[in-house]
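Participant: Pasting a structure here, questions to come.
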Amino acid sequence: MERDIHVFSHPDGLSEAQRFVAMKLAATEIDEATEALFKRYSVMGLPTVLFFDSDGELLDNPRVTGMVPAAKFREFMGRVE
């Protein structure tokens, strides 16, 4: 995935990403379970990156839909406390 290459392999992105637990959902084939997750988290397009706090609560901001430049994505990660 492009984000893996340009964000998580970059030293700034890697150091920021270590604060998170990353989970990926492969949505190449949409089934009922995937549709339910999309509905639950209001996913309108792919790729979408959601951020959760340490209690597992979905954060409203940041939320990333689509591709964004690596520097911008690192900025989003940096805003999560």
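Participant: Looking at the stretch 20-72, which of the residues that are surrounded by 11 or more Cβ atoms within 10 Å (Cβ to Cβ) and of a type in the set (Lys, Arg) is modelled with the lowest pLDDT?
Facilitator: Checking each candidate, the answer is 72.
Participant: Would you mind stating whether residue 79 is charged (D, E, K, R) and either in contact with a Ser or Thr (Cβ under 6 Å, 6 or more places away or on another chain) or at pLDDT below 90 (or both)?
Facilitator: It is true that residue 79 is charged (D, E, K, R) and either in contact with a Ser or Thr (Cβ under 6 Å, 6 or more places away or on another chain) or at pLDDT below 90 (or both).
The values are calculated or read from the model by the stated rules, or taken from the named source; none is laboratory data. Since we're looking at a predicted model, the values are computed, not measured. Note that we place each Cβ from the backbone using ideal geometry, even for glycine, and neighbour counts take in every protein chain shown.
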